[in-house]
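Novice: Before I ask anything, here is the structure I am working with.
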Amino acid sequence: RSSDLFLCAPDAESTYFSNELLSVLESAGWKAVPHPPNWGTIDRQGVGILILVQDVTKPVARGVLVLQQALKEIGIEAMGSNFPMAPNDKVTLYIGVRPASPGH
């Protein structure tokens, strides 16, 4: 499997969870690499897990759908989100901060 890009919100909980998720993905044969430095700085933390694609209305790499379905099977919703800098032939995963519980 080709290398896939991985981004993480810069807080302790997101970093810990992303390391756990990376370990699982790597044991399943995925090769993850950090986002390229030319993508700039994350200026605000996203919420939840996002699969970043160039355009959610266009076809994506098969790996995107495989990962999204696998996460869903274990109870994690990973929504697709537009990100023009995402390579169309790679899975780009963003681990954001934990969504607030209802009522908070």
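Novice: Within the stretch 2-13, does at least one residue satisfy the condition of being surrounded by 11 or more Cβ atoms within 10 Å (Cβ to Cβ) and either β-branched (V, I, T) or modelled with pLDDT of 80 or more (or both)?
Specialist: Among the residues of the stretch 2-13, at least one is surrounded by 11 or more Cβ atoms within 10 Å (Cβ to Cβ) and either β-branched (V, I, T) or modelled with pLDDT of 80 or more (or both), which makes the answer yes.
Novice: Restricting to the stretch 28-55, name every residue that is farther than 17 Å from I76 by Cβ, open to solvent by 70 Å² or more (accessible area, probe 1.4 Å) and either at pLDDT 75 or above or not in a loop (DSSP other than H, G, I, E, B) (or both). Break it down stepwise before answering.
Specialist: Filtering the stretch 28-55 down to residues farther than 17 Å from I76 by Cβ leaves 29, 31, 33-45, 53-55.
Going one step further and asking which of them are open to solvent by 70 Å² or more (accessible area, probe 1.4 Å), we end up with 31, 34, 37-38, 41, 43-45, 54.
Scanning the stretch 28-55 gives K31, P34, P37, N38, Q54.
Novice: Among the residues of the stretch 71-85, write down those that are within 18 Å of A32 (Cβ to Cβ) and over 13 Å from the mean Cα position of the chain (by Cα).
Specialist: Residues satisfying the conditions are I74, M85.
Novice: Also, quick follow-up: Please indicate, with yes or no, whether at least one residue in the stretch 66-80 is outside any helix (DSSP H, G or I), open to solvent by less than 30 Å² (accessible area, probe 1.4 Å) and at pLDDT below 80. Walk me through it before giving the result.
Specialist: Filtering the stretch 66-80 down to residues outside any helix (DSSP H, G or I) leaves 74-80.
If we keep only those that are open to solvent by less than 30 Å² (accessible area, probe 1.4 Å) as well, we get 78.
Pick out the ones that are also at pLDDT below 80 and you get none.
No, every residue in the stretch 66-80 fails to be outside any helix (DSSP H, G or I), open to solvent by less than 30 Å² (accessible area, probe 1.4 Å) and at pLDDT below 80.
The values are calculated or read from the model by the stated rules, or taken from the named source; none is laboratory data. Because the structure is predicted, anything quoted here is derived from the model rather than measured. Virtual Cβ from ideal backbone geometry, glycine too; neighbours counted across all protein chains shown. Just the protein is used for accessible areas: all its heavy atoms, side chains included, with ligands, DNA and RNA removed. Shrake-Rupley method; radii C 1.70, N 1.55, O 1.52, S 1.80 Å.
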